[in-house]
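**Q** Handing you this structure, nothing more for now.
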Amino acid sequence: MIQAVIVDVDDTLCLTEAVCFDLENEVLTAMGRDPMSRAVHLATWGEPLLDAMLKRSPGLDLDRFAMTYRQVLRRYVVDGRLDEIAPENLHALDQIVLDGRTVMLLTSRTEAEVEHMLVPDHVLAQRVSAVYHADNTRFRKPDPRAFDELLAATGLDPEQCVYVGDSPGDAQAAGGAGLHFIACLQSGVRMREDFDVRHVSAFIHTFSELVDMVRRLDAARLPPSSRTAEYEPSP
């Protein structure tokens with residue numbers, strides 16, 4: 001049985017690429033640097049933030065960027081501009097829990113970038129059992145070892161887990177670790193053709209379709225990536 005559904009944050013649980021583009025450019029402007037183009041942001045989307053920023057703004061002072069970024073990030077969160085989770089996505093998480101599965105997050109963000117999602121009164125607090133991020137894992141996606149701490153802590157076998165994400169790097173990490181992987185195409189940033197289907201168990205077009213797809217994969221009892229399914233509504 002699939003016992004754990006592991007969820008990526010950016011452009012999976014919540015749609016963030018366009019907002020992060022604005023946020024990061026606001027930080028660059030505050031530092032007196034030229035803003036990046038949207039094309040550059042899209043080309044590096046999914047990489048750890050500080051790694052990506054060296055490509056988005058060559059020569060950037062990363063320490064100063066990180067300090068300014070945290071200040072702007074807090075304002076975006078308070079203003080409700082970043083990491084707002086749609087009600088239908090929360091409902092999907094609730095259904096997954098009702099199905100008897102554990103929900104966890106695994107993201108390349110640092111703890112500082114997710115700390116606002118870890119507070120006891122956050123909407124995820126009663127839905128998500130654990131959050132794995134850049135500061136409590138040794139490896140980053142697309143390295144399959146990004147799941148090492150999660151698998152060790154839970155004692156689950158990889159085939160008992162599903163990871164849902166939006167990027168080819170997510171697929172590579174999950175597939176390499178032996179997990180089922182569901183590609184969520186809701187953001188429109190990536191298409192089915194961007195993924196190596198050897199690492200993909202299924203495609204969904206909206207996050208809310210996740211519940212039904214996990215049930216289908218579980219019922220099929222197929223090993224990860226033995227076939228690639230496309231979401232179709234149940235009859």
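**Q** What number of residues within the range 165-222 satisfy the criterion of being part of a helix (DSSP H, G or I), of a type outside the set (G, A, S) and over 22 Å from L98 (Cα atoms)? Don't jump to the end; show me each part of the working.
**A** As a first pass, look at the range 165-222 and keep what is part of a helix (DSSP H, G or I): 168-177, 192-194, 197-199, 207-220.
Subset that is of a type outside the set (G, A, S): 168, 170, 172, 192-194, 197-199, 207, 209-218.
When the remaining residues are screened for being over 22 Å from L98 (Cα atoms), the result is 168, 170, 172, 192-194, 197-199.
Final tally of qualifying residues: 9.
**Q** Select, from A183, A153, A130, A125, the only residue that is aliphatic (A, V, I, L, M), surrounded by 20 or more Cβ atoms within 10 Å (Cβ to Cβ) and on the phi < 0 side of the Ramachandran plot. Step through it out loud before you land on a result.
**A** On the way: A153 fails: surrounded by 20 or more Cβ atoms within 10 Å (Cβ to Cβ); A130 fails: surrounded by 20 or more Cβ atoms within 10 Å (Cβ to Cβ); A125 fails: surrounded by 20 or more Cβ atoms within 10 Å (Cβ to Cβ).
Only one candidate qualifies: A183.
**Q** Further question on the same structure: Would you tally the residues in the range 57-70 being in a helix (DSSP H, G or I) and surrounded by 14 or more Cβ atoms within 10 Å (Cβ to Cβ)?
**A** First pass over the range 57-70, keeping only residues in a helix (DSSP H, G or I): 62-70.
Applying the additional criterion that residues be surrounded by 14 or more Cβ atoms within 10 Å (Cβ to Cβ) yields 62, 65-66, 68-70.
Result for the range 57-70: 6.
**Q** Kindly indicate whether D99 is out of contact with any Phe, Trp or Tyr (no Cβ under 9 Å at 6 or more places or on another chain), closer than 26 Å to A66 by Cβ, assigned by TED's automatic domain parsing to the domain that holds S208 and of a type in the set (D, E).
**A** On the way: out of contact with any Phe, Trp or Tyr (no Cβ under 9 Å at 6 or more places or on another chain): yes; closer than 26 Å to A66 by Cβ: no; assigned by TED's automatic domain parsing to the domain that holds S208: yes; of a type in the set (D, E): yes.
Spelling it out, it is not the case that D99 is out of contact with any Phe, Trp or Tyr (no Cβ under 9 Å at 6 or more places or on another chain), closer than 26 Å to A66 by Cβ, assigned by TED's automatic domain parsing to the domain that holds S208 and of a type in the set (D, E).
**Q** Could you identify the single residue in R127, R75 that is within 20 Å of D10 (Cα to Cα), at pLDDT 95 or above and either among the β-branched types (V, I, T) or assigned to a loop (DSSP other than H, G, I, E, B) (or both)?
**A** Values: R75 fails: either among the β-branched types (V, I, T) or assigned to a loop (DSSP other than H, G, I, E, B) (or both).
Result: R127 is the single residue among R127, R75 that is within 20 Å of D10 (Cα to Cα), at pLDDT 95 or above and either among the β-branched types (V, I, T) or assigned to a loop (DSSP other than H, G, I, E, B) (or both).
**Q** Across the range 103-122, what is the number of residues that are in a helix (DSSP H, G or I) and surrounded by fewer than 14 Cβ atoms within 10 Å (Cβ to Cβ)? It would help to see each step written out before you state the result.
**A** Our first condition is that a residue be in a helix (DSSP H, G or I); within the range 103-122, this holds for 111-117.
Among the residues that remain, those that are also surrounded by fewer than 14 Cβ atoms within 10 Å (Cβ to Cβ) are: 111.
Qualifying residue count, the range 103-122: 1.
**Q** Would you call L54 touching a Leu at 6+ places or on another chain (Cβ under 7 Å), closer than 29 Å to D194 by Cβ and either among the small types (G, A, S) or surrounded by 14 or more Cβ atoms within 10 Å (Cβ to Cβ) (or both)? Show your work before the answer.
**A** Working: touching a Leu at 6+ places or on another chain (Cβ under 7 Å): yes; closer than 29 Å to D194 by Cβ: yes; either among the small types (G, A, S) or surrounded by 14 or more Cβ atoms within 10 Å (Cβ to Cβ) (or both): yes.
Spelling it out, L54 is indeed touching a Leu at 6+ places or on another chain (Cβ under 7 Å), closer than 29 Å to D194 by Cβ and either among the small types (G, A, S) or surrounded by 14 or more Cβ atoms within 10 Å (Cβ to Cβ) (or both).
**Q** Check whether at least one residue in the range 95-102 is surrounded by 14 or more Cβ atoms within 10 Å (Cβ to Cβ), within 13 Å of the chain's Cα centre (by Cα), of a type outside the set (F, W, Y) and at pLDDT 95 or above, and report yes or no. Write out each step before concluding.
**A** Looking only at the range 95-102, we keep the residues that are surrounded by 14 or more Cβ atoms within 10 Å (Cβ to Cβ), and these are 95-97, 99, 101-102.
This time we only want the ones that are within 13 Å of the chain's Cα centre (by Cα), so: none.
No: the range 95-102 contains no residue that is surrounded by 14 or more Cβ atoms within 10 Å (Cβ to Cβ), within 13 Å of the chain's Cα centre (by Cα), of a type outside the set (F, W, Y) and at pLDDT 95 or above.
**Q** Which pairs turn up if I take residues in the range 80-91 that are surrounded by 13 or more Cβ atoms within 10 Å (Cβ to Cβ) and look for partners that are outside any helix (DSSP H, G or I) and of a type in the set (S, T, N, Q) with beta carbon separation below 7 Å, at least 6 apart in sequence or on another chain?
**A** What qualifies is L82/T16; D83/T16.
**Q** List the residue pairs whose Cβ atoms are under 9 Å apart, where the first residue sits in the range 110-121 and is in contact (Cβ under 8 Å) with a residue 12 or more places away in the chain, the second is part of a helix (DSSP H, G or I) and of a type in the set (D, E, K, R), and the two are 6 or more positions apart or on different chains.
**A** Filtered contacts from the range 110-121: A112/R70; E113/R70; H116/R74; L118/E111.
**Q** Let me ask something else. Within the range 29-52, can you find the residues that are touching a helix residue (DSSP H, G or I) at 6+ places or on another chain (Cβ under 6 Å), among the aliphatic types (A, V, I, L, M), under 28 Å from A173 (Cβ atoms) and part of a helix (DSSP H, G or I)?
**A** Hits for the range 29-52 are V40, L50, A52.
The values are calculated or read from the model by the stated rules, or taken from the named source; none is laboratory data. This is a predicted model, so every value here is computed, not measured. Cβ coordinates were reconstructed from backbone atoms using ideal geometry, including for glycine residues, and neighbour counts include every protein chain displayed.
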